[in-house]
Amino acid sequence: NYFRRLAYDEILSGMLVLSQIRKKIKKIEKNPKVFENSLHKKIIKNFDFKLTQNQTDIINEINNDLCSYSKMFRLLQGDVGSGKTIVSLIAAANVIESGYQVAFMAPTEILTKQHFSLANKIYKNTKIKTNFLTGKSTYLERKKILHDLKNKKINILFGTHALFQKKTEFNNLGLIIIDEQHKFGVKQRMELSKKGGKNCDILVMSATPIPRTLIMTFYGDMDVSKLTEKPSY
């Protein structure tokens, strides 16, 4: 019984801490993103498949967050193949249309390259400028990327943890997307949020199935969107 009591106390204290963090986040006023969905529509037209109703609904939820005066802190949950990356890249396009830059972080170089390659396919008929930075980028590659980033010649930068080293300076960061969210703790989420400044929204993705009670315990500071429909592509 005392073990159960200790476990209960730990879960409760965690939920209370996250609840306070959530209140703090909701108090942060930001400038709303302003976009006409023209890029969004252009990208969708190029697809040789149709978005599911579930994906469309979640894109609308994210757009409402982006256009609000409160900072977005949202968890996007869905199995592998449920179309999370496509949803996040459409959100990124809307942020870019509103004049901001986007950082897309994944835990490994392989995953980073997969996202980068999908983005290049999705954005191919647009003027969105992409690039990627990892710990293995050469000194000259890194120097050029950091120069281009600071001078707004890159709209969306993909990378591993290298994205958030002190020397990496964005010109006007408006959205951070983090893949495989379970690899990052609450403290890291807060640090990334600070790096982006008050106008930077946060979207995190996880393919790990998380029961509702655990969502409250680990992600009580975030709004949650679930992709449940599998696309037909």
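The listed residues Asp57, Asp179, once ranked by accessible area (1.4 Å probe) with the largest placed first, stand as Asp57, Asp179.
Karplus-based coupling profile of segment 49-62, in residue order and whole Hz: 8, 9, 5, 6, 4, 4, 4, 4, 4, 6, 4, 5, 4, 5, with θ = phi - 60° in 6.51 cos²θ - 1.76 cosθ + 1.60 and x standing for Gly or Pro. Surface composition of segment 93-186: carbon plus sulfur atoms hold 54% of the accessible area, using a 1.4 angstrom probe and ignoring ligands, DNA and RNA. Going by accessible surface with a 1.4 Å probe and the largest first, Asp48, Asp79, Asp201 read Asp48, Asp79, Asp201. Ordered by solvent-accessible area of protein heavy atoms (1.4 Å probe), largest first, the residues Arg142, Arg4, Arg74 come out as Arg4, Arg142, Arg74.
Taking a ≥ b ≥ c as the square roots of the eigenvalues of the alpha-carbon gyration tensor, segment 101-145 is classed oblate because a/c is 1.5 or more while a/b is no larger than b/c.
The values are calculated or read from the model by the stated rules, or taken from the named source; none is laboratory data. Worth saying up front: this structure is predicted, and the values here are computed from it rather than measured. To get the accessible areas, we keep the full protein, side chains included, count just its heavy atoms, and leave off ligands, DNA and RNA. Shrake-Rupley method; radii C 1.70, N 1.55, O 1.52, S 1.80 Å.
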